[in-house]
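Student: To start, I am sharing the structure in question, which I have written as structure tokens.
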Amino acid sequence: NPDEWMKLMLKREGDAYGALQFLAAQPFVESNRIGLIGWSLGGGVVLLATRSGEWARLNGTGSASFRAAVAFYPALCNDDEQAPGWSNETPLLLLQGASDTWTQAAPCQRFVENAVARGARINMQIYPGAYHAFDLPNTPLQLLPVQTRPGTLPYVGSDPAARRDALERVPAFLARYLAD
């Protein structure tokens, strides 16, 4: 049920902000250097949590917010599944497999291009030949036995070149935005 699924995603967005508030209150955490990262459904939560105005809408102004974010093959990466005019201010790195059959690259790329045209801060990397969960280690390509939308075949599998790149790209991106 799409409505139940969206309720779950919005609940997880609240969880992300709860974690942010908890971390920001810790004496050993620099509250202006907190990032957000998510995979698949969690990547969709990243898109929800980093959209323009979301922090102030949910939490008021003047408190800690995410300084950078990373989304691996995110759900909701589609103009049809986001609010019209979606944009963000939080620097976002989005990593997507070109052969992903679950969270497909083409609608995600259109979404990103449209958002960037509106001023969104997104760096997108599409990995040729990579499927969903390309960053898993040593996982042969396989069809998962899970229920998805009709017509969607959830193939997952490692892509060593994409994995290697992501393991270098993500820390470099986060260091650029979370360092002083």
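The values are calculated or read from the model by the stated rules, or taken from the named source; none is laboratory data. The structure displayed is predicted, hence computed values, not measured ones. Here the Cβ is made from the backbone with ideal geometry for all residues, glycine too, and neighbour counts use every protein chain on show. Accessible surface areas use protein heavy atoms only, side chains included; no ligands, DNA or RNA. Shrake-Rupley method; radii C 1.70, N 1.55, O 1.52, S 1.80 Å.
Student: Among the numbered conditions (1) in contact with a Phe, Trp or Tyr (Cβ under 7 Å, 6 or more places away or on another chain); (2) among the charged types (D, E, K, R); (3) closer than 22 Å to GLY35 by Cα, tell me where ASP79 comes up short.
Tutor: Here ASP79 clears every test but (3).
Student: Kindly evaluate SER31 against the criterion of being in contact with a helix residue (DSSP H, G or I) (Cβ under 6 Å, 6 or more places away or on another chain), farther than 22 Å from GLU168 by Cα and modelled with pLDDT under 95.
Tutor: When the stated conditions are applied, SER31 passes them.
Student: Here's a follow-up. Within the set of pairs 6+ apart or on separate chains, which have a first residue in the range 140-154 that is part of a loop (DSSP other than H, G, I, E, B), a second that is modelled with pLDDT under 85, and C-beta atoms under 6 Å apart?
Tutor: Short answer, once both residue conditions are applied: PRO154/VAL146; PRO154/THR148.
Student: Here's another thing I want to ask about it. Those residues that are surrounded by fewer than 19 Cβ atoms within 10 Å (Cβ to Cβ) and in contact with a helix residue (DSSP H, G or I) (Cβ under 6 Å, 6 or more places away or on another chain), I need them from the range 115-171; list them, please.
Tutor: Hit for the range 115-171 is ILE126, nothing else.
Student: State which residue is most open to solvent (accessible area, probe 1.4 Å) when the search covers only the range 98-114 and only residues that are more than 12 Å from ALA162 (Cβ to Cβ) and over 15 Å from the mean Cα position of the chain (by Cα).
Tutor: Taking the candidates together, the pick is ARG110.
Student: Hey, another quick one. Taking SER40, is it open to solvent by 40 Å² or more (accessible area, probe 1.4 Å) and either among the hydroxyl-bearing types (Ser, Thr, Tyr) or in contact with a Cys (Cβ under 8 Å, 6 or more places away or on another chain) (or both)?
Tutor: no
Student: Same structure again: What tally of residues in the range 1-30 results from selecting those that are polar (S, T, N, Q) and open to solvent by less than 50 Å² (accessible area, probe 1.4 Å)?
Tutor: Qualifying residue count, the range 1-30: 1.
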